[in-house]
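To start, the structure under review is shown below, and the notes come after it.
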Amino acid sequence: MLDWILSSTLPRGLFNLYTQTFPPSPTWTDADIPDLTDKTIIVTGASSGIGKDTARALLHHNADVYIGGRNKSKIESVIDELRNETGKTAQPFLVDLSDFDSVNNAAHEFLHKETQLAALFCNAGIMAAPVELLSKQGYDIQFQTNVMSHYLLATLLHPALDNYSKNNYRNEKARVVHTSSAMQSFFIHETGIDFHLLKDGHLRRSTNINTWDLYGYSKIGNTVISNILNKQQVNVSHSSCHPGILQTELWRHTRIPGWKAFFSSFILYPSSLGSLTQLYLGTVEKDTEGLYGIPWARHGIADKRTSDPSLNKDLEEWLQTELAGYLPQ
Ligand SMILES: NC(=O)c1ccc[n+]([C@@H]2O[C@H](COP(=O)([O-])OP(=O)(O)OC[C@H]3O[C@@H](n4cnc5c(N)ncnc54)[C@H](OP(=O)(O)O)[C@@H]3O)[C@@H](O)[C@H]2O)c1
C-alpha cells in the first residue's frame, strides 16, 4: 500500500496533503536556532508573511539580515517594526522579482557592499495571479517571480555564497532555501512543467490555462532549481520546502471566497509557524543539502516529478537559454 502511495503522483499527493496539512506539533522551534552572529542573510519576500517571520527570527539570533521586497516604503516600515521588536536593524534589499533588470541591479549592489553571504531564503512568491499578468520580460508572472528570478539571484550571488563557504570559521557551506509548496503535487501534468505556457505568445494566448496549474509549475520549479543549483554550486547547499498552509497575504489573488473562508476557519495556520521549516533548513547546524522540508521542520518527500532527470535537464537548459542575457558567461 505504502509503495503504491509513494510511486503514483496523485495518491502520493493525497498522502502528502494529509501529513502536510495536519502536521504534529513542532519538536524544533525558533528557540533551537543556533547563534547566527557574523552571518549575512537575505530573505526575499520579507515585507510580509512567512518572509517577515523568518527575518524576525534570524534577527533575534543575531544575523545581519537583508529584507527583500519590491516596495521601498514597505521594506522601511518592516525594518522599523523588526527593530522595535528585536533591537536589531536589518538592511533593505530592494528587488522586483518580476523584472530581471531589477534582480541584476539588486545582486550587483549587494556584491558591491558585502563579500560573503551565509544564507539566501528564496521565499517571495505569488499565487493564482490572473493568467493575463505577465512579467516585465513577457513571462508568466508566477513562473518568473517564483522560479526564474530566484534562479538568477542565486546564480548572481554565487560569488558571495561561495566566499562564505570557503572562509567561515564554522566550516560550513552557505545555504539557499527555496520555498515551494505542497501544491507542487496538486495538478495533473505528466512531466511537471508545460514550458510552452511560460512565455507570452500564440500558444499561451490560445490555450485555456488554469492559474493554479501555473502556480503548480512554479512550485515544482522551486524544488527542481534547488536540485539543479546543488549540482552547479558544489560549495553551496540548496534545499526546498513546503512551509505549511498559512494565513498570509498569499491568498490575495484567489477569487473563491468560499474556499478562503473554509481554509481560514479549518486549515490555515498562523504565519509564524510557517517560517519554522525554512528556518530549520537554513540554520540548523547539520547540512541540509537536497532536503525537502515539510511542516513543522520535518524531512519530507518532494513530488516524484521533481527528481525526474529529464525535467531537471529540460528546466536547466530552458533557464540557461531564457536567461542568457542575464547569467554570467
Ligand atoms: N501561505 C501559504 O499557505 C503558503 C503555502 C505554501 C507555500 N507558500 C509559499 O511561501 C512563500 C511566502 O508566501 P507568504 O505566504 O508569506 O505570502 P505573502 O504574505 O503574500 O508574501 C509574499 C512575499 O513575496 C513578495 N513578492 C511578491 N511578488 C514580488 C515581486 N515581484 N518582487 C519581490 N517580492 C515579491 C511580497 O511582496 P509585496 O509585499 O510587495 O507583495 C511578499 O513579501 C511563497 O513562495 C509561497 O508560494 C505559502
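Just so it is clear, none of the values below were taken in a lab; they were calculated from the coordinates. Bear in mind that the values here come from a model prediction, so they are computed numbers and not experimental data. So basically every Cβ, Gly included, is an ideal-geometry build from the backbone, and we count neighbours across all protein chains shown.
Below is a table of values for the structure above.
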read-out: Hull volume in cubic angstrom per residue (convex hull over the Cα atoms of the chain); value: 136
read-out: Theoretical ellipticity at 222 nm over the chain - DSSP helices of four or more residues, -39500 (n - 2.57) apiece, nearest 500; value: -13500 deg cm²/dmol
read-out: Of Tyr151, Tyr169, Tyr66, the one that fluctuates the most in a GNM where the chain has Cα springs shorter than 10 Å; value: Tyr169
read-out: Set of lysines with alpha-carbon distance to Lys166 below 23 Å, sequence-local pairs under 8 removed; value: Lys39, Lys113, Lys231, Lys286
read-out: HN-Hα J in Hz across the stretch 55-66 - Karplus 6.51, -1.76, 1.60, θ = phi - 60°, x for Gly and Pro; value: 4, 4, 5, 5, 5, 4, 9, 6, 6, 8, 9, 9
read-out: Set of lysines near Lys199 by C-alpha distance (under 18 Å), chain-local residues within fewer than 8 positions excluded; value: Lys136, Lys219
read-out: Packing rank of 194-205, 267-278, where each peptide gets the mean count of other beta carbons within 10 Å, highest leading; value: 267-278, 194-205
read-out: Fewest-first ranking of Arg83, Arg175, using other Cβ atoms within 10 Å as the exposure measure; value: Arg83, Arg175
read-out: Arg83 paired with Val234, simple spin-label distance in nm, labels 7 Å along Cα-to-beta-carbon; value: 4.4
read-out: Estimated dipole of the chain in Debye, rounded to 20 [Cβ of Lys and Arg +1, of Asp and Glu -1, Cα centre]; value: 360
read-out: About the Cα centre, charge dipole magnitude for the stretch 74-120 (Lys/Arg +1, Asp/Glu -1 at Cβ), debye; value: 220
read-out: Asn168-Asn210 FRET efficiency (beta carbon distance; Förster radius 35 Å; 0.05 resolution); value: 0.20
read-out: Pair Ser73, Tyr269: separation of 7 Å Cα→Cβ label points (nm); value: 3.5
read-out: Label point at Phe195 placed 7 Å out along Cα→Cβ; residues across the stretch 308-328 whose backbone nitrogen lies under 19 Å; value: 308-327
read-out: Ascending count of other beta-carbon atoms within 10 Å, so fewest first, for Ile67, Ile75; value: Ile75, Ile67
